[in-house]
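The values are calculated or read from the model by the stated rules, or taken from the named source; none is laboratory data. All values derive from a computational prediction rather than experimental measurement. Neighbour counts run over all protein chains shown; Cβ positions are idealised from the backbone, glycine included.
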Amino acid sequence: MNTPSNPFLISGYYSAEYFCDRKTETDKIRSALTNGRNITLISNRRIGKTALIEHVFNRFRGKSNAGFIHIDIYPTQNLTDFLSALGKGIFNSRSSKTTKFIDTLMRFFSSIGATIVYDAVSGQPSFELKYHDPKRTAKSIDHLFDYLEKSGKQFYIAIDEFQQISNYPEKNVEALLRSKIQHLKNVHFIFSGSHKHVLISMFADYKRPFYQSTDMMFLDSIDPVIYEDFIFRHFSNARRQIKRESIKLILEWCRNHTYYVQYVCNRLYANNSKKINDAEVLAVFNEVLEETKATYFNYRNLLTDAQWNLLCAIANEEHAAMPTSAKFMKKYNLGGPSTINRSLNALLDKEMLLKDEKGYFVYDVFFSRWLEKLQ
Ligand SMILES: Nc1ncnc2c1ncn2[C@@H]1O[C@H](COP(=O)(O)OP(=O)(O)OP(=O)(O)O)[C@@H](O)[C@H]1O
Ligand SMILES: [Mg+2]
């Protein structure tokens, strides 16, 4: 396997070498899954849920002959799409597709209206859901789970962006999935997503089918001390000198938010300097903001003046605990509390703002840094 040309990945997962820490979380997930408890993994966007799932599976893989299925249901819009995603996941879970495996699946998939098709050029087989009657979808999902149950092996299934099922038009989707999942002894689940409120109410509201059916895990930022070592090590491995202070500057500027830290380090690494100083780090910050500014200007056109002004004010504070307080409104000349509340809701809805225990903040770190510079 080739090693990545840049150790700071900005998408996906490669191996433990390029993955920082998450030891406690990995152990916790592993312990839950191997002891018959499913997990719900929640964090803000781009903190590292998907990569963590891949890391956990990667660690497991070497030690067992279980099946690992990781599906992202963000693009799915209904139960039939879900069925298709799950079918693909099952098909792709075996890297070496022996004739025996394909034969078994062929027979099985045809019973749910799916086929295995072969790419005309590469000859690679793939799963396709053809001629499927939506009325049979629920039954077909049952069949897929039956297949896993009867396989006689352990399966670990991660369903990324799980909150998406609450948007499906079909009725009782949660009840349907839950009733099937709870009987599966050999299939273990990670449900993951970034829509905190939707997921919490799905798993913690006693009226909902998934109520208390999983361990809840909230993924926080990576410990900055450990992240600093990780960054230092990767620059050193490539014989590049970088001061600890410069790394602290990156972590602070990126608010220790995984994707943004990775992105800045990736750019800095790509510069190929043997000795990196603060001026070079600051230049990378500026380049990134310069390149994304067209997108940010476009956001300006999508928002009302009140929403834009509020966004700028919150970016300036980094965290705004009480944006409707007299002090905050006066400082930024924002109008009355009802206007602010309306803007807050609109911006939360558009996911431009998020809220945590410290208050409201602009979710996209680069956008937030760019807004700050406008003041
Ligand atoms: N522990 C880690 N060490 C190094 N890089 C990481 C780590 N965790 C995540 N990353 C990188 O950070 C980026 C964001 O991670 P990831 O896509 O897993 O986040 P996410 O929480 O699933 O985001 P989203 O909510 O948008 O799906 C990716 O480029 C990933 O490679
Ligand atoms: Mg993800």
**Q.** Residues of the range 188-208 classified as in contact (Cβ under 8 Å) with a residue 60 or more places away in the chain and either touching a Lys or Arg at 6+ places or on another chain (Cβ under 7 Å) or under 21 Å from GLU357 (Cβ atoms) (or both), total
**A.** 7
Q: Could you tell me which of the residues ASN266, ASN286, ASN256 is modelled with pLDDT of 95 or more and buried (at least 18 other Cβ atoms within 10 Å of the Cβ)?
A: ASN256
Q. Just a yes or no: is a residue in the range 134-150 surrounded by fewer than 20 Cβ atoms within 10 Å (Cβ to Cβ), part of a loop (DSSP other than H, G, I, E, B) and not small (Gly, Ala, Ser)?
A. no
Q: Output the number of the condition that ASP81 fails; it satisfies all remaining conditions of (1) away from ligand 1 (no atom under 14 Å from the Cβ); (2) more than 30 Å from ASP142 (Cβ to Cβ); (3) without any contact (Cβ under 8 Å) to a residue 12 or more places away in the chain.
A: (2)
Q) How many of the residues making up the range 358-368 are crowded, with 20+ Cβ neighbours inside 10 Å and part of a helix (DSSP H, G or I)? A) 3
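For the condition under 24 Å from the mean Cα position of the chain (by Cα), within 16 Å of ligand 2 (Cβ to nearest atom) and exposed (fewer than 14 other Cβ atoms within 10 Å of the Cβ), what is the one hit in ASP220, ASP205? Even if it seems obvious, please write down each step before you answer.
Values: ASP205 fails: within 16 Å of ligand 2 (Cβ to nearest atom).
Sole residue among the options that is under 24 Å from the mean Cα position of the chain (by Cα), within 16 Å of ligand 2 (Cβ to nearest atom) and exposed (fewer than 14 other Cβ atoms within 10 Å of the Cβ): ASP220.
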Q.
Only one of LYS49, LYS28 is more than 10 Å from ligand 1 (Cβ to nearest atom), modelled with pLDDT of 95 or more, among the charged types (D, E, K, R) and in contact with a strand residue (DSSP E or B) (Cβ under 9 Å, 6 or more places away or on another chain). Can you tell me which?
A. LYS28
(Q) So, restricting to helices (runs of 4 or more DSSP H) that lie completely within the range 215-329, which ones have at least 3 residues that are among the β-branched types (Val, Ile, Thr) and more than 30 Å from ILE39 (Cα to Cα)? (A) 278-302
Q. Looking at the range 110-168, which of the residues that are in the same structural domain as ILE39 (by TED's automatic domain parsing) and at positive phi is farthest from the chain's Cα centre (by Cα)?
A. GLY152
(Q) Condition first: away from ligand 2 (no atom under 16 Å from the Cβ), in a helix (DSSP H, G or I) and basic (Lys, Arg). Now tell me which residues in the range 162-202 satisfy that. (A) ARG178, LYS180
Q. From the list GLU17, GLU25, which residue is within 16 Å of ligand 2 (Cβ to nearest atom) and either among the charged types (D, E, K, R) or surrounded by fewer than 19 Cβ atoms within 10 Å (Cβ to Cβ) (or both)?
A. GLU25
Q. Taking the range 332-349, which residues are loosely packed, with under 14 Cβ neighbours inside 10 Å and either in contact (Cβ under 8 Å) with a residue 40 or more places away in the chain or under 18 Å from TYR299 (Cβ atoms) (or both)?
A. ASN345, ASP349
Q. Among the residues of the range 31-46, which ones are more than 6 Å from ligand 1 (Cβ to nearest atom) and over 25 Å from GLN154 (Cβ atoms)?
A. ASN44
Q.
Could you tell me how many of the residues in the range 31-54 are more than 10 Å from ligand 2 (Cβ to nearest atom) and touching a helix residue (DSSP H, G or I) at 6+ places or on another chain (Cβ under 6 Å)?
A. 3
Q | Odd one out for LYS355 among (1) part of a helix (DSSP H, G or I); (2) closer than 25 Å to CYS254 by Cα; (3) modelled with pLDDT under 95; (4) not hydrophobic (A, V, I, L, M, F, W, C) | A | (1)
**Q.** Given (1) in a helix (DSSP H, G or I); (2) in contact (Cβ under 8 Å) with a residue 12 or more places away in the chain; (3) within 13 Å of ligand 1 (Cβ to nearest atom), number of the condition GLY12 does not satisfy
**A.** (1)
Q: Can you work out which of the residues in the range 61-103 that are assigned to a loop (DSSP other than H, G, I, E, B) and loosely packed, with under 12 Cβ neighbours inside 10 Å is farthest from ligand 2 (Cβ to nearest atom)?
A: THR98
Q: Look through SER192, SER213, SER236 and report the one residue that is of a type in the set (S, T, N, Q), in the same structural domain as LEU148 (by TED's automatic domain parsing) and modelled with pLDDT of 95 or more.
A: SER192
